[in-house]
Each structure stands twice: as structure tokens, then as C-alpha cells.
Amino acid sequence: MDFKVPTMAEMMAKGEQPDILFWVGCAGSFDERAQKITKDIAKILNHVGLKYAILGTEESCTGDPAKRAGNEFLFQMQAMSNIEVLNAYEIKKIVTACPHCFNTLKNEYPELGGHYEVIHHTELIQDLINQGKLAASNGESFKGKRITYHDPCYLGRANGVYEAPREVLAQLDSELVELKRCKSNGLCCGAGGAQMFKEPENGTKDINVERVEEALSVNPDIIASSCPFCMTMLSDGVKHFEKENTVQVLDIAEITAKANGLS
Amino acid sequence: MVLQILFIALTAFAVYWFSKNAGKIRRNILLGRDIDRSDRSSERWMTMVKVAFGQTKMAARPVPFIFHFLIYAGFIIINLEVLEIIIDGAFGTHRVFAPLLGGLYNFLIGSFEFLALGVWLACVIFFARRNIVKLKRFSGTEMTAWPKSDANYILITEILLMSAFLIMNAADFKLQQLNISHYIQAGAFPISGLLVNLLPSDAHGLELIERSCWWFHILGILAFLNYVPYSKHFHIFLAFPNTYFSNLEAKGRFTNMTSVTNEVKAMLDPSFVPDASVAPGRFGAKDVQDLTWKQLMDAYTCTECGRCTSVCPANQTGKLLSPRKIMMDTRDRLTEVGLNIDKNGKDATDDKALLDNYISREELWACTSCNACTEACPVNIDPLSIIVDMRRYLVMEESAAPSSLNAMQTNIETNGAPWKFSPSDRANWTQSN
């Protein structure tokens, strides 16, 4: 990265408090594909001059996959130690790169003592666009490109965030083509509920193949999403149909970064 | 007089028998664990008005929505006339409300006829969708002989009840035209008036038809009332409380188990004194008694429409999981537990459980927790919460997660991430381009 990504520890040492904590998440930290999204979010935060920080090595799994798998002990252990760190830094506002972290921090931490304003990166980007801090300029043009958007379950149905990612895409002069199963009817990519970490049960088809088949049927140039797990599943699905050379799978943050010449 | 006594006795027995069975269902539901749904009452009323009375979630599929609404409206409105039937039956009167209501009475009877025709048509269409068109939604592993027959019995009964109602009115109308003294001039017969030519013209025959249909109609209703507690059709009652007690939180929010919070806090802070009101009990759900009363009410509310299963990503890709089956299994197991209690007393146990005897582990592990099922359910049933509670039992009581999920959990414990990466590398992405 050609700029410094500040950590909370460094901010604290300087006696500063960020406006927003960027919760990167495990996929965003370690998964090679998701790291690209993480970097683009950092570039956007840096570009608009928002005072932000990451937890760095002090960040740990929110416990989401453990909770969805049924391990409430492990989830609450993770939650309570994360809350201890977050509260020690007096965090007020968090932006997450992952809908699963977003859902857990927003909905499941308060009862355990973690009260924060939590937003997903698509909401932050939409907000920045509305404030005039981000435009679709100086970068790649998406004019006339067919983009379809896959709703991540934990952003859409789980938390009702349907419009923010669509409004970001609407900025681009591109052609947003909705899938047959979209918004509250959206079909899961197959990774939720800890499925990301196991082989699927026996069936006739993989869920991501079903979903990508539907997405390809609208002849998109780009399949957009906003979740690192969806990214993995959709990319694998596109490869399954050998379309990786003609159809891109991109995160809303990546599209925004490209449109603004940041990536 | 004999008929009046017979009528009163039958009605009283039907009401008594229904209350007895409804009471058993209530008892079974209350076998569940407690959960507090007494908060936010105005929001709860609004949810019930919208989802149960207004049937807003049905509108996602317009064809069944329209016909179902017709049956629902017909059922409620035509049942106003049951009040009159009961008074007539008990006191030997005929159309007792007619003199009291005058013109309004004619309007009401006329409206009932249109509704009756609507209900009749809707039931015929629904019957055809199930048995001739064979909609995919109405099949599936859990849709065995009984659930299929159950649905058909209900539709056929409603078709017969509405037919009897219209034929009764037609005979009545014709008797009125013949100026038979008992049959006062009352009512408007826009639909049954079209049937009069099909009926005989002699007063005796007409009276026989009118009385037979009257008795068939009311006995049919009483029989139906007592069939409902054994049937998926119980949703006509439970849809209302079930939507009132809906989960009002964001769908993505899973409950934080208080029993676990106590243990985790005690581990992190040895001086922590746990809330003694939380009974230690089993972690998660192995059997129906481990579920909450709301989850058990969900099971009795389910009318097996299959909207959940038809949107379930696991089911749609051929996995064993079907959210409808989760609900049907829960109800079937609960009914079994209830029968055992009836027979052997309230502490009776058997060697079966919801897990394994009804719901397999493979079904539970196929769920993506995507909430498509809860979104689709027209009466706010939550199959996902049952799946999660059963996973909790598997993981926390039996340590029986699939091995790859055990690896994921070990990684979180040791590395703070579900994959095998060193926590010290977490911010390495900041160092590369």
C-alpha cells in the first residue's frame, strides 16, 4: 500500500481517536481475493480523508462461523474478548467489509456489552457519495456495462440492506440488471451458516452453481456483490462455467475504487 | 322438539370436544422452554394485523393470495350466519334475524351467496392445483399420504359445505315462492336463485332438501371444527397468536444463550456470580421439550404450504433439508410426546427424540442460515431457529460437528480466524500492494 493504514494502537499512542474503526474480518485479512477488497476499502477511506483505523493484530474472529455452526461457547468467548478490546479503545462506530461480521457486531454483540454503531462498507460508500465526497470520476468507466447484483443474505434479508449497494451502482451509468431472485427473494450463494468451512451435503447441484447459472442467464459483464464469502462462491461458480475471461466478479468497493481511479 | 334437543346436544358436544383437544395442544405447546415475547405490544399487534388479518406475506404469490383471501374472507363472513343457524337450531325458529335486520338481512344473505360461490370456486381451483396440475411445492419427501389427504379432505369438505349452503338457500327460496308458512319471505338469492330449476317443485321434497342441507351444513361445520386440531388446518386459529408473538428482531440476529453467557463470564472472571434464575438444562435442542413454546407454536401453526421449502437453497439443489419437514417433524414428535403424556402421565418418557428419530443430522448440516424460509413463511414461522438449536445440541452436548467444522472451530480458538493463519499475520495486507 502506498499509504500507511493506521492501527488503533498507533492512534492511541498519539492520543488520537478515529471517527470510524474499519473491521477487516478474517477473510479480508487472510484470503487473497478478499484482501483486494480490503485494500480498496482502505484506499477509499484514505481517499476521502476519513479518520479511520484498523485493529491490526488485535482483531480476532467475531465468532460468526462458530455461532452459525452451533458453538455458542466459542462464539461468546470470541465476542467477549473482542468487546473488551473495542470498549478499551472506546470505539463508537465500526465499518465492516463483511456482512457476517456486520451482522454479528451489530445484532449479537450489544446484549453481551458491545454497543456500537455498525455499518457495512456499501452503506459507508453510499453515504460518502451522498455527501459528495465520492463520485464516479477519474477512473474506469462502467458506462453501458451490464452489472447484476447478488444480495448477500446477511446484508439483505438478515438486515434489510438492499438499496445502498444498488445506489452505489446507479452512480456508474451502468446498466443494473436484476436477477430473478433478488432482494428479499435473493438466493444464497451457499456459504452461509458455516457452509463456507465444510463440504456441501449430498445433493444434485452446488448452490453456487445454481446461483451463477441464474446470474449468467442475464448476460452480465460484471457480477457484483459485497461479501467475501459470496465472492469466493460466485468466482468458483463462474469458473465452473468457464466464464472467468468474460464475466468479472467484483465487490461494490472494488467497483467504486476502479470508478474513482484508486485501484 | 326432539330435533332441537339433538341439535343442542350435538353442538355442546362438538364445542366440548374441540376445547378438550385445543387444550391438549395448548398443554403441548407449553411443554417448551420459556421465552419472553411480552414486549413491544403495539408493534406485535401491528404485525398480527398486517401478516395474519391482512395476509400481506401471501401477496408474494398473487394467484394463491387472491383465492386464499377469498376462502378466508368467506370463512369468517359466512360464519356470521352460523350464529343464526345455532339460534334457529336451538329454538326451532327459521331465519330468526330476518325480521330484526330487514333490508340489511337481504343484503347480507346476498353477499354470503357471492362469497360462497367464491369459496367454492377457490377450493375447486386449489384442489386442481394439488391433484391435476400437481404443483411441485405440494410434493416432497415429507408430503406423504396423510398430509396430502389432509389437504384434500379440507378442500372437499369446504366444497361440500358451500354446495349445501347454496342448495339450502335455493330450496328455501323456492319454498318461499310457494308461500309455505314456515319459510318467511327473507333473503336475497343471487346465486342460489339460479339453481331453483334443478330442484323438485313439490313442497315436501323441497323441505326435505332444505332440511338435509341445513343439517349437513351445520353438522359439517361442527365436524370440521373437530377435525381441525388433528390437521394442518389449525393455522386458522394459530396464525393470529403466532404472528403476534413473531420474532421482531433483525433476522440475522441469533439468540445469545444466557446459560452460556454465565459460563463464559465465570471463566473470564472467577468472581462472577451467575444469575441463579437460569436453569442449567441441556445446551441446545435434542427433543421438542428443549425448544421454546414459540417454536412449538410455530409447528402447530404450519399449514404445510411449502413456500419455505420452495425457496430453500439447500432443498432446491437436492439436499435432504426441507424447512417444511422440520416443522412437520416437530409437530409430529410433539403430538407423540403429548399422546404419551395422556397415556402414562406427565413425567412419561419414551426412548425417542426429535433428533435422529425425526430430523437427521444431514438435514441440519445442509442449512445455510440464509433466512429465505423465514422470509417466505406467510405466518412468520421460524424453522431456522430450530435448526440452529439442534446444531447447538450436536456441537455443545455431543461434539458431533462435521470434522471440517471442528477444524474451523479449532482454528478460531487457536488463531482467532477460521483458517490456519497466524494472528500475527493479520495486518500483512497493509504491507503489500
Asserting the computed 222 nm helical MRE of chain B (DSSP H runs at least 4 long, -39500 (n - 2.57) per run, divided by residue count, to nearest 500) equals -18500 deg cm²/dmol
Solvent-free Debye scattering, log10 I(q)/I(0), computed from the Cα coordinates of the protein assembly as shown at q = 0.05, 0.07, 0.08 Å⁻¹: -0.32, -0.58, -0.72
For B:PHE91 and B:VAL196, calculate 0.36 nm times their separation in residues minus their Cα-Cα distance, and state this gained length in nm to one decimal. 35.0 nm
Going by how many other beta carbons lie within 10 Å of each one, how would you line up A:GLU123, B:GLU413, A:GLU72, B:GLU84, fewest first? B:GLU413, B:GLU84, A:GLU123, A:GLU72
Among all the lysines, which ones have a C-alpha under 21 Å from B:LYS352's C-alpha, if same-chain residues fewer than 8 places away are not counted? B:LYS24, B:LYS286, B:LYS325, B:LYS343
Would you calculate the separation in nanometres between label points at B:ASN131 and A:ALA88, each defined as 7 Å from the Cα along the Cα-to-beta-carbon direction? 7.0 nm
For B:SER212 and A:GLU199, extending 7 Å from Cα along the Cα-Cβ vector and measuring point to point gives, in nm, a value of 6.6 nm
With the charge dipole of the stretch B:258-415 built from beta-carbon charges (+1 for Lys and Arg, -1 for Asp and Glu) about the Cα centre, the Cα from B:GLN409, B:CYS308, B:VAL337 projecting farthest to the positive end belongs to B:CYS308
Lys/Arg +1, Asp/Glu -1 at C-beta; the protein assembly as shown dipole; positive extreme among B:PHE75, A:SER29, A:CYS153: B:PHE75
Using 7 Å Cα-to-Cβ label points, what is the A:GLN17/B:LYS24 separation (nm, one decimal)? 6.3 nm
Could you work out the local net charge near A:LYS258, counting Lys and Arg as +1, Asp and Glu as -1, over the other residues with Cβ closer than 15 Å to its Cβ? -1
In angstroms, what radius of gyration and Dmax does the stretch A:33-135 have, counting Cα atoms only? 14.4, 44
D_trans [Stokes-Einstein, Kirkwood Rh over alpha-carbon pairs] for the stretch A:188-263, 25 °C, 0.890 mPa s, µm² s⁻¹: 188 µm²/s
Listed residue pairs exceeding 32 Å between alpha carbons, taken from B:LYS50/B:LYS265; A:LYS243/B:LYS319; A:LYS36/A:LYS180; B:LYS265/B:LYS319: B:LYS50/B:LYS265; B:LYS265/B:LYS319
Using the Cα gyration tensor of the stretch B:258-415, the equivalent ellipsoid's semi-axes, largest first and to the nearest Å, work out to 28, 23, 15
Compute all pairwise cysteine Cβ distances in chain B, then list the cysteines with no distance under 4.7 Å to another cysteine. B:CYS123, B:CYS213, B:CYS302, B:CYS305, B:CYS312, B:CYS367, B:CYS377
Only Lys, Arg, Asp and Glu count, each charged at its Cβ (+1, +1, -1, -1), so figure out the dipole size of the protein assembly as shown about its Cα centre, rounded to 20 debye. 1020 debye
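Using Cβ counts within 10 Å as a stand-in for footprinting exposure, how do B:SER111, B:SER181 rank, fewest first?
B:SER181, B:SER111
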Distance between the C-alpha centers of the stretch A:52-76 and the stretch B:380-433? Whole Å please. 8 Å
Cα-Cα pairs above 18 Å in the stretch B:90-159: how many percent? 57 percent
Expected 222 nm ellipticity per residue - DSSP helices of 4 or more, -39500 (n - 2.57), all of chain A, to 500: -11500 deg cm²/dmol
So what is the diffusion coefficient of the stretch A:136-259 in µm² per second by Stokes-Einstein at 10 °C and 1.306 mPa s, using a Kirkwood Rh over Cα pairs? 109 µm²/s
So which of A:LYS205/B:LYS134; A:LYS145/B:LYS251; A:LYS106/A:LYS198; A:LYS43/A:LYS205 end up more than 30 Å apart, counting from Cα to Cα? A:LYS145/B:LYS251; A:LYS43/A:LYS205
What is the dipole size for the stretch A:8-126, taken about its Cα centre, with +1 at each Lys and Arg Cβ and -1 at each Asp and Glu Cβ, in debye to the nearest 20? 320 debye
What is the fewest-to-most order of B:LEU355, A:LEU105, B:LEU222 by other Cβ atoms lying within 10 Å of their Cβ? B:LEU222, B:LEU355, A:LEU105
Any chance you could run the full-extension gain for B:VAL273 through B:ASP351? It's 0.36 nm times the residue separation minus the Cα-Cα distance, nm to one decimal. 24.4 nm
Work out the mean other chain Cβ neighbour count within 10 Å for the residues of B:371-383 and drop it here as an integer. 2
Relative compactness, chain B, computed as alpha-carbon Rg over 2.2 N^0.38 Å: 1.24
Below 20 Å, Cα to Cα, which aspartates and glutamates can A:LYS92 reach? Residues fewer than 8 away in the same chain don't count. A:GLU10, A:GLU16, A:ASP19, A:GLU58, A:GLU59, A:GLU84, A:GLU108, A:GLU111, A:GLU117, A:GLU123, A:ASP127
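What's the Cα-based Rg to Rh of the stretch B:149-281, Rh via Kirkwood?
Result for the stretch B:149-281 is an Rg/Rh of 1.43.
Readers should treat all values here as calculations from the given coordinates under stated rules, not as data from a laboratory. Since the model is a prediction, treat every value here as computed from it, not as a measurement. Neighbour counts are summed over all protein chains in view; Cβ atoms, including those assigned to glycine, are modelled from backbone coordinates with ideal geometry.
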